[in-house]
Amino acid sequence: MTSDAIPGTGPLSREQIEAIEATLLPTLDRHHLRLQAHCLATFQHMARPVVQGPLPNRQRWQSWCKQQPQLVDDPDFLELLMIQFTVIAIQLENLANNLGISPLELSLDDLIRHSESDSRQRLESSKSS
């Protein structure tokens, strides 16, 4: 978690949340971007002190989650979180591959640029249909 993280918001700092909210993305795209940013920051936290390379694996996710007091007594949520981590990990790995970097090297700026590009492409595609 960053030092200026907002209590109750997870690993994202106030500045990161504000950067996401400042995008001109549609509401659903901003929500997806927040999920990606949250998962990326969580994966980066799990991997510390490593700052480049592959994302932590599912075994590491489970180990990390078992150390989080708010997750220990909620096995149903924990399973949903594992599913979410799996889906977002694939998206992050694909984006990193497209950018020619390792997944742990991704930044919020990378996620924002990608989300804005996808949103523009969908808009242009819908106009030409």
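The values are calculated or read from the model by the stated rules, or taken from the named source; none is laboratory data. Keep in mind the model is a prediction, meaning the values are calculated, not measured. So basically every Cβ, Gly included, is an ideal-geometry build from the backbone, and we count neighbours across all protein chains shown.
Structural remarks
- Failed item, numbered, when Arg14 is tested on (1) buried (at least 17 other Cβ atoms within 10 Å of the Cβ); (2) without any contact (Cβ under 8 Å) to a residue 12 or more places away in the chain; (3) basic (Lys, Arg): (1)
- Scan of segment 72-115 for residues that are among the acidic types (Asp, Glu) and modelled with pLDDT of 95 or more, ordered by number: Glu93, Glu105, Asp109, Asp110
- Helices (runs of 4 or more DSSP H) (entirely within segment 1-93) containing at least 3 residues that are more than 25 Å from Arg113 (Cα to Cα): 58-66, 69-72
- Residues in segment 76-120 that are acidic (Asp, Glu) and closer than 21 Å to Asp29 by Cβ: 5 in all.
- Take the conditions (1) modelled with pLDDT of 95 or more; (2) over 16 Å from the mean Cα position of the chain (by Cα); (3) surrounded by 14 or more Cβ atoms within 10 Å (Cβ to Cβ); Arg60 misses just one of them, which is (3).
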